[in-house]
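The values are calculated or read from the model by the stated rules, or taken from the named source; none is laboratory data. Note that the structure is a prediction, hence the values are computed from the model and not measured. As a convention, Cβ positions derive from the backbone with ideal geometry for all residues, glycine included, and neighbour counts pool all protein chains shown. These accessible areas exclude ligands, DNA and RNA; they are computed on the full protein's heavy atoms, side chains included. Shrake-Rupley method; radii C 1.70, N 1.55, O 1.52, S 1.80 Å.
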Amino acid sequence: MNQEFTSMFHHSISLRNSNMIDHESPRASLPIPSSPFLVPFEDNHFNIINASSLADPLDQQSSTCSSWINGDYECLPEIPLLYPIERTNTIVQCSNPHQIADRIIRSLQKLSITANFNASDASLCAETLDHTEFYVRMYKYNDNSSREILVEVQRSKGESFNYVKYARVILASARGDKVDFDMETRKRSSSASLSYIPASISYHHQDSDTCSETEVSSVEHVKDLIQKDRVDAHQLGMNSLLLLTDCERSLVSESASQVVLQGNENGPSVIKDFVYNLISGPPLNNTSSPCEVDLFAIREQEIMRNTALAVLGNSLQSVLESHPSNLKQLILTNEWRGDSGIVDVLLSELSNAEYRLHDAYQAARCIHILLETSSEIKQELLNRNVAAMLKYAHFIGMSKHSLLAAECKDALDLIADV
């Protein structure tokens, strides 16, 4: 009886295989593996590695594949009885799990998606640049004596629209289908961090008076949100600021960026202080007692800190295009150049790229803009060994994060002739 039911269940999966739409599972969400971002942040400590002495990135991908899949086909878990498989799944006519794992890992790198691996149950937990989280699992699928593998993708957190786009690409890669990653991969520009914000809320063309009123009201709205004592209000304020400072999607990016970088001319600089404290402040996980750690608070701080780095990159880009002289004067201040200043924080993120890939990408964006600002700032960054850090981050990005690799390559090209 059990064999007959299992056969019927497997048949129902194959009928649902082509329907790759988001579907919330009734089962409880599995615990998310410990985040790779929970690494103590040490000021003025740069993990400098000679990239030329490291192994080839493709070899590192093979090593990652081995750490995800422990053994051959027979070591894969079987589909449990009455297990509700997600509709975002596919059946691969291949009995080599390492080959499928290699395809998936390469697709994650192309899409700049980070992942934690669990070899015990042939699964991984992935996080995208917009903080959509999902699981990828592999199971043995025996149907009519054929050795096939079922690949399942399950959303854990984030918007379903973005999740479906990622799931379709990953499942197509698992099958070995040809995927045009140039179309699927996000753009290098600041808008890469804003895909989850509807384009309808971007500011359309307005007259000068209306635009001026919008500038004031928008910034004041962000200020009100971040002054509240609720985490959700802070998140909404930072997401709004992320959009306002994007010069490709907002007509008020110039004024919003000036507020982020220089503060208010009259009154306290609430937004600037909030963003700078998120970037350079101590992490919540830096505590002596594990019992005192609030994992939810730590995770929310990680997300907001990454958003703050993206806001900083957007603001630097906007001011560089509108008032480059103001940007040069700003970066030469002690707040940026001093000990434990913003420059030190950005360089530290590059040196820890292996552990905080998304943060390293946003830091690389900022460093790239700083190198374009002036020859004086470029020389100072070179004196701080920025070339070695960019080479190391580029090496990590080549195997794990394509956007990080591209950003570091562009930055290295700027200092190639120095």
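Take the range 174-184 and flag every residue that is open to solvent by 10 Å² or more (accessible area, probe 1.4 Å) and either closer than 19 Å to N96 by Cα or part of a loop (DSSP other than H, G, I, E, B) (or both).
R175, G176, D177, K178, V179, D180
Quick check: is even one residue across the range 273-281 at pLDDT 90 or above, closer than 23 Å to L330 by Cα and in contact with a Gly (Cβ under 9 Å, 6 or more places away or on another chain)?
Yes.
Which condition from (1) open to solvent by 50 Å² or more (accessible area, probe 1.4 Å); (2) over 30 Å from Q329 (Cα atoms); (3) at pLDDT below 85 is the one that R230 breaks?
Tallying (1) open to solvent by 50 Å² or more (accessible area, probe 1.4 Å); (2) over 30 Å from Q329 (Cα atoms); (3) at pLDDT below 85, R230 fails exactly one: (3).
Any residue in the range 104-116 that is under 17 Å from A353 (Cα atoms) sitting within a Cβ distance under 6 Å of a residue that is of a type in the set (A, V, I, L, M) and not in a helix (DSSP H, G or I)? List the pairs, counting only those 6 or more apart or interchain.
From the range 104-116, the pairs are L108/A115; S112/L129; I113/A126; A115/L124; A115/A126.
So that you can scan it fast, the table gives a plain yes or no per residue for (1) surrounded by fewer than 17 Cβ atoms within 10 Å (Cβ to Cβ); (2) under 16 Å from the mean Cα position of the chain (by Cα); (3) hydrophobic (A, V, I, L, M, F, W, C); (4) not in a loop (DSSP other than H, G, I, E, B):
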| site | (1), (2), (3), (4) |
| --- | --- |
| D359 | no, yes, no, yes |
| A364 | no, yes, yes, yes |
| E376 | yes, no, no, yes |
| Q379 | yes, no, no, yes |
| Y392 | no, no, no, yes |
| L412 | no, no, yes, yes |
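Would you confirm whether or not the range 86-94 contains a residue that is crowded, with 20+ Cβ neighbours inside 10 Å and modelled with pLDDT under 50?
No.
Filter the range 381-390 for residues that are touching a residue at least 12 places away in the same chain (Cβ under 8 Å) and open to solvent by 20 Å² or more (accessible area, probe 1.4 Å) and give the result.
L382, R384, N385, A387, A388, listed by residue number.
Taking S351 as the residue in question, decide whether it is crowded, with 16+ Cβ neighbours inside 10 Å, among the polar types (S, T, N, Q) and in contact (Cβ under 8 Å) with a residue 24 or more places away in the chain.
yes
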